[in-house]
DNA sequence: CACGGTACTTAGCATTGGAAGG
DNA sequence: CCTTCCAATGCTAAGTACCGTG
């Protein structure tokens, strides 16, 4: 191994430096420059650490995570992505009490070490208090067990096996078996047991869900439209046409009847009046969601019920590359003109009031409105703002105002605060008026007609002027974002449509009729010089088709992913540097779901990277770390300056390659100097039609969801428990994709509130239980009807409260686990909605529990077409 | 192939509105 | 009925991908 490596090293390496292209040299120069800037920035940053919002933000996230990690004291070092897994494992390992106590002690110690983290401390304290509320010593054990049960709702020992399997599969997904050997052994055993288990359980279910062989056949049968319209030829599975609508309708009707039949099944083990009521509500909801549309569909001939229920996915689609044939709309809604401040609101310069000209005042108000934000204290922000502000000043103002630090905007700021306060305090009538006005605007401007259908527009308002705030450490923060005038706006619509009219006395920059694009309105923004668009809502045909197609591409990747993985593993051994780099990068993209990492213009945006643009400084190699070998530590800022931090053990070959790539490089050099996204994507295109780097993210996200749902859902759980399982599966994906969020400002408080509720419930429960006991004794004594009734009443009450308590605890768990994880992004952009729809149908979970109204609109196609046996 | 430009998806944060709770 | 609180929605920045051109 090493021999073969050494040889190649030299070969590869000799090419590496000598053949440096001009581009690379230039790049290097730039980098040096940037690096200096970078360093300066860093120093500055260090000096005024407390001032740096972003950094603090991400640091904090990091700190929390580190703590989490330490708390868990895990040998397996890979953090972010596997945090969830770890937690889970932790939970499972300690199902016997003695260990629990040990763990608590350990936690205690960890807690003491971290005297700085106020947040964590707070949370821990809370936990502590909760713990102390229990009076006897067995508390911890009891609580943990209880939690466990609620979480898993498994009735027997199959829990562990169940979980282990899931982990197993996750690991095997990437078929790099080199890791976690000692754990593996144990799992191997469990796996066997599981196999038996699986066979059993599938019989119990009554629906022997055969694996793929069958799944595919069935899929072709049952799914009304097996794949979306192709843009590029999609050979095997797709003839480029939708099945005929007629055919679909029959299928649909059949399914509706089926649903109807199954309905009684929805009756679960709920009891008590309230539960009944709730059940009734479910049914009612269903009636609204399911039956009404059916009725409407039947009435369709009689009444005209057009756009709302248009099923574009049942129609054929033009193949000539045009996006539409007809497009008519009313144009954008422009930002309201500036309203000068009332006379009593003053701006002070150097302690003296100064009346500003309208343009200068407007820009000043932008700053004033942001005064509460930390970034108005940042040097860069203030500098950029001041520079742009001066451009709006009269020459007199320019000469008077020479130092931004002498400007006092507070009175203006107060005024705006008062205004927004007043808005909140408005009477109902006034609020209603505003609402109606908004509704009118929506009706007028919010829709367009595209090919005979009325479609909702996404963002029909032109962005108002203001101060630009980029994310992270953006060099342009604070710059003035100009007001967009009609003269800046390009309109796109059909030649034969009624063109939108510009406001009186103005004209559009251009009216064009380009049906190769989907946008209705565009303009060029002045900060980055990029083009902004007005496009249709996600529920529209044009977006939906694209979305559907995206998932179909990902499904095609599923079919050949094994081949691809074998390929890149082979390429790790290539003689050519560029191929090795490509292969390693692809491995990262596949395994870690990294983004592609386009090059960006330096100095124009925050310094963030993706896979191909990773720099040497972003990874660290550890030949040995704890009990693992070949660990790579990633630490960089990704999209939106969200930090990606992860330690992952990799295969030896990858590790050696990385060492090779790092040779003779400076920290600010590119890790993959022979690679960029276009090279990578070109390569991918050759491997599979339509394949690009981002497809891997979609694929891995969706497949993970499907697997996790399979593993986490247990048939006899209650609905809330199932939803928790769903969220857990969703969360696994969000962690994979590194979808983070700042913990909500009110997080601690809301957690506390919830905990209070839980405690109250618990008290209530024990009181009611006592009452039940009392009633029983009384009944035993008297044996009369009244006391018998009483017992029944109390019994039901206990049951009801237990249920409520459980639900609350589920909620608490869910929220706690979600503290820094955003589920929305993956749900909206990465998870094939048909997986969720199938799951919902399989387990009779009301779809509203996982998709809100907007999401249901966006995924209408999936909700309509996916059956419960849908396989991604 | 670099590069500038365009179109479209993906992203997190701020605000809002309406349900739950008092 | 009013207030509180959170999920839904709105907003727009920041990515990916790909094209034409020289």
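Footprinting exposure proxy ranking of A:560, A:612, A:407, fewest other C-beta atoms within 10 angstrom first, gives A:560, A:407, A:612. Exposure proxy shown here: for A:519, A:508, the number of other Cβ atoms within 10 Å sets the order, fewest to most, as A:519, A:508.
If a/c stays under 1.5 just call it rounded; otherwise compare a/b with b/c (prolate if a/b is bigger, oblate if not). Do that for region A:679-824, with a ≥ b ≥ c from the square roots of the Cα gyration tensor eigenvalues. Oblate, because a/c is 1.5 or more while a/b does not exceed b/c. Shown for A:662, A:675: other C-beta atoms within 10 Å of each C-beta, ranked fewest to most, produce the order A:662, A:675.
Per residue, the convex hull spanned by the Cα atoms of region A:343-471 amounts to 163 cubic angstrom. Relative contact order, whole percent, for region A:495-551 stands at 20, derived from Cα pairs under 8 Å and 6 or more residues apart. With each label modelled as a point 7 angstrom along the Cα→C-beta vector, the residue A:434-residue A:524 pair spans 3.7 nm. Ratio of Rg to Rh for region A:459-570: 1.15 [Cα atoms; Kirkwood radius as inverse mean 1/r over pairs].
The distance separating the Cα centre of region A:702-770 from that of region A:590-621 comes to 33 Å. Judged by the gyration tensor of its Cα atoms, with axes a ≥ b ≥ c, region A:561-699 is rounded; a/c sits under the 1.5 cut. Once the Cβ-Cβ distance between residue A:319 and residue A:339 is put in as r, and R0 is 60 Å, what FRET efficiency do you end up with, to the nearest 0.05? Between residue A:319 and residue A:339 the formula returns 0.75. Across all Cα atoms of region A:707-777, the radius of gyration (one decimal) and Dmax (whole number) stand at 18.3, 57 Å. Shape class for region A:446-495: prolate, because the ratio a/c of the largest to smallest gyration tensor axis (alpha-carbon atoms, square roots of eigenvalues) is 1.5 or more and a/b beats b/c.
Each principal axis of the Cα cloud of region A:662-728 was taken in turn, and the coordinate range along them, longest first, works out to 58, 34, 14 Å.
Both the radius of gyration and Dmax for region A:740-791 are 19.8, 61 Å, in that order, over alpha-carbon atoms. Only Cα pairs under 8 Å and 6+ residues apart enter the sum, and on that basis the relative contact order of region A:461-505 stands at 29 percent.
Here region A:310-395 yields Rg over Rh of 1.32, to two decimals, using C-alpha coordinates and the Kirkwood radius.
Under conditions of 37 °C and 0.692 mPa s, region A:522-630 yields 184 µm² s⁻¹ as its translational diffusion coefficient, taking Rh as the Kirkwood radius over Cα pairs in the Stokes-Einstein equation. The distance between label points at residue A:567 and residue A:532 comes to 4.1 nm (points 7 Å beyond Cα on the Cα→Cβ vector).
Computed from the Cβ-Cβ distance with R0 of 25 Å, the FRET efficiency linking residue A:604 to residue A:686 stands at 0.20. Applying 0.36 nm per residue to the separation of residue A:784 and residue A:422 and subtracting their alpha-carbon distance, the gain on full extension is 124.0 nm.
Dividing the Cα radius of gyration of region A:782-838 by 2.2 N^0.38 Å, with N the residue count, gives 2.05. Our summary gives region A:679-796 a relative contact order of 15 percent, counting only alpha carbon pairs under 8 angstrom and 6 or more residues apart.
If you plug the beta carbon distance of residue A:461 and residue A:716 into 1/(1 + (r/R0)^6) with R0 = 51 Å, you get a FRET efficiency near 0.55.
No lab work stands behind these numbers, since they all come straight from the coordinates. Given the structure is predicted, the values throughout are model-derived calculations rather than measurements. Positions of Cβ are generated from backbone atoms using ideal geometry, with glycine treated the same way; all protein chains shown enter the neighbour counts.
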